Amino acid sequence: MRAALDPSMLVLVGLALLLAVVAYFKDPGLPLVGAKNGVSMLTFILPRMIPALILAGLMQVLVPQEVVSRYFGREGGFRAILIATAAGVLTPGGPMVSVPFMVALAHSGAALPPLVAYMTSWSLFGMQRIIAWEAPLMGWHFVFVRVVPSLAFPVLAGWLVALFYPE
């Protein structure tokens with residue numbers, strides 16, 4: 001587990017304070033409006049984050065480490081990258097699902113190349129985004145034209161990680 005005040009947290013707090021100062025100089029009431037908007041988003045996201053994180057924790061204890069190592073570990077090789085790519089495509093939901101799932105895999109023995117392939121695949125081909133946003137707003141032709149040229153990217157990303165960052 002990481003410390004509460006790691007560099008990313010400090011950067012986020014610093015940026016929030018900087019933007020609050022900028023907002024104040026624009027209009028002294030804006031920081032309060034911004035804080036209220038942030039709390040409103042928190043009340044929307046937090047109820048979803050809690051079960052997602054509990055789900056990730058349960059996956060860590062329920063999925064045997066040997067299974068994760070076999071399918072996503074170093075021993076899995078190129079097959080692990082392909083399986084992770086498929087898992088990324090099939091993972092439903094937003095980052096509240098995919099990131100805890102990836103963390104659970106990482107803590108259960110998954111190697112870096114499949115983790116990179118998984119996140120790249122989920123980012124490029126998340127079915128929830130394609131079905132809910134891209135196809136209805138842009139049409140299936142756009143989805144096809146965007147997806148087909150991108151199919152190799154998750155596998156290529158995982159392979160490059162395996163090549164340049166051997167564990």
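The values are calculated or read from the model by the stated rules, or taken from the named source; none is laboratory data. Because the structure is predicted, anything quoted here is derived from the model rather than measured. Heads up, the Cβs are rebuilt from the backbone with ideal geometry, glycines too, and the neighbour counts pull from every protein chain shown.
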statement: Flagged pairs (Cβ under 9 angstrom, 6 or more apart or on separate chains; first in the range 130-150, surrounded by 12 or more Cβ atoms within 10 Å (Cβ to Cβ); second of a type in the set (G, A, S)) are F142/A135; V143/A135
- line: Counting only helices (runs of 4 or more DSSP H) entirely within the range 1-97, those with at least 1 residues that are touching a Lys or Arg at 6+ places or on another chain (Cβ under 9 Å) and at pLDDT below 95 are 7-26, 65-72, 77-90
message: Residues that are touching a residue at least 40 places away in the same chain (Cβ under 8 Å), under 22 Å from F144 (Cβ atoms) and not aromatic (F, W, Y): does the range 88-106 have at least one?
response: yes
Only one of R70, R129 that is more than 14 Å from the chain's Cα centre (by Cα) and among the basic types (K, R): R70
query: If you check A162, A104, which single one turns out to be surrounded by 14 or more Cβ atoms within 10 Å (Cβ to Cβ) and closer than 30 Å to I45 by Cα?
result: A104
statement: The correct count of residues that are assigned to a helix (DSSP H, G or I) and crowded, with 23+ Cβ neighbours inside 10 Å in the range 117-129 is 4
